[in-house]
1. With a 1.4 Å probe and all protein chains kept in place, how do F261, F51 rank by accessible area, largest first?
2. Using packing as a proxy for protection, rank 82-90, 138-146, 116-124 so that the peptide with the highest average count of other Cβ atoms within 10 Å comes first.
3. Please give the direction-averaged projected area of the C-alpha convex hull for the chain, in square nanometres with one decimal.
4. Over the alpha-carbon set of the range 89-139, divide Rg by the Kirkwood Rh and report the Rg/Rh ratio to two decimals.
5. How much accessible area does D194 have with a 1.4 Å probe, in Å² rounded to the nearest 10?
6. Any idea what the relative contact order of the range 8-288 is, in percent, if you count C-alpha pairs under 8 Å spaced at least 6 apart?
7. If you average the C-alpha positions of the range 143-164 and of the range 26-100 separately, how far apart do those two centres end up, in angstrom?
8. Summing -39500 (n - 2.57) over the DSSP H runs of n ≥ 4 in the chain and dividing by its residue number, what mean residue ellipticity at 222 nm do you reach, to the nearest 500 deg cm²/dmol?
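The values are calculated or read from the model by the stated rules, or taken from the named source; none is laboratory data. Every value quoted in this text rests on a predicted model; they were computed, and no experiment measured them. Reconstructed Cβ throughout: ideal geometry from the backbone, glycine too, with neighbour counts over all protein chains shown. Note: areas computed on protein heavy atoms with side chains; ligands, DNA, RNA excluded. Shrake-Rupley method; radii C 1.70, N 1.55, O 1.52, S 1.80 Å.
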Amino acid sequence: MSSPALPESLTGVGVTAIGMAMIRARETARPDHLYQDPYAQAFVAAAEREFQDSSADAADVWATVGRLVEVFYQGRTVGVRMGDDSLREAVAAGRKQIVMLGAGLDTHAFRLALPSSVHLIELDVPELFAFKERVLADEHATPTCRRSVVPADLRGDWSAPLLEAGFQPQMPTQWVDAGVLAYLLREQAWQVADTITALSAPDSRFGFGYIPLDAMARRVQPVPGAARIMPGMTTQAAEQERGLGPDAPERLEQTGWSTEFRELAPIAASYGRPLANPSGGGSIIATRQQDAGAG
Ligand SMILES: C[S@@+](CC[C@H](N)C(=O)[O-])C[C@H]1O[C@@H](n2cnc3c(N)ncnc32)[C@H](O)[C@@H]1O
């Protein structure tokens, strides 16, 4: 998800994360907004300055991100609100430890008024935090809860830096796949899921997107430049090769999780934002059984 033609400070920042910031900035500006992210526009503006000061090639990438935002706005903005609702639900149910995998440029710790008893841990690649922390400091942003960042690659050993950041494996955890697992190759995505299982106390929850990747590939294929920004995601093979796959609930249930599917389309309609092209996607919420023990 990086390109050597991007501005150096943004190399390695998933440009998809900038696309998500654009989506949140657009939503925040709407009078009927589903949520507010007061920092989204600052990320977009800072990224745009760096793209404009860079190569013509970077300007092309910027234009492609804008085209992808048009394709994804409707579904992803509802997804952001759904994620916010799940976090509020988790905190109301007493969960105090949240881990966001592929946290990107979202600012839950700052914008959801989470209580100080909550520890929210964001994990993403180091280059993303180099950019994100700089913009947050410029904005004098202060989290309402305890916030830690873990600069790590999910394809390597991320559990050691997570533990160093103060993660407590004996506490029930709210794990959130913030949109990264679908980009990983299937084996890598399952290595992440197996690590989550091993680190999950009973009653932990793991929420991840179920995205029919073949339907998504059909939508993004015609977007010029999309294959560069979403490598591996614009072909029909993505469904077989990427993410946890359609049988993820069954596989998790074999290792001590129970699962529930929340379809995006009816939830979008309940927010007054019916989807024009429902894909059948949504979120799977897995709950670690009381008698499961450590994975
Ligand atoms: C689609 S973005 C979503 C970000 C976030 N949900 C948001 O709304 O801003 C995916 C994120 O996954 C991160 N990512 C991609 N590959 C990763 C990896 N191997 N390890 C850790 N993070 C990764 C990217 O840097 C990016 O921030």
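1. F261, F51
2. Packing order, densest peptide first, comes out as 116-124, 82-90, 138-146.
3. Taking the Cα atoms of the chain, their convex hull projects to 14.2 nm² on average.
4. The Rg/Rh ratio comes out at 1.00.
5. Roll a 1.4 Å probe over it and D194 shows about 90 Å².
6. Dividing the mean separation by the residue count of the range 8-288 yields 18 percent.
7. Cα centres, the range 143-164 to the range 26-100: 21 Å.
8. My calculation for the chain gives -13500 deg cm²/dmol from helical runs alone.
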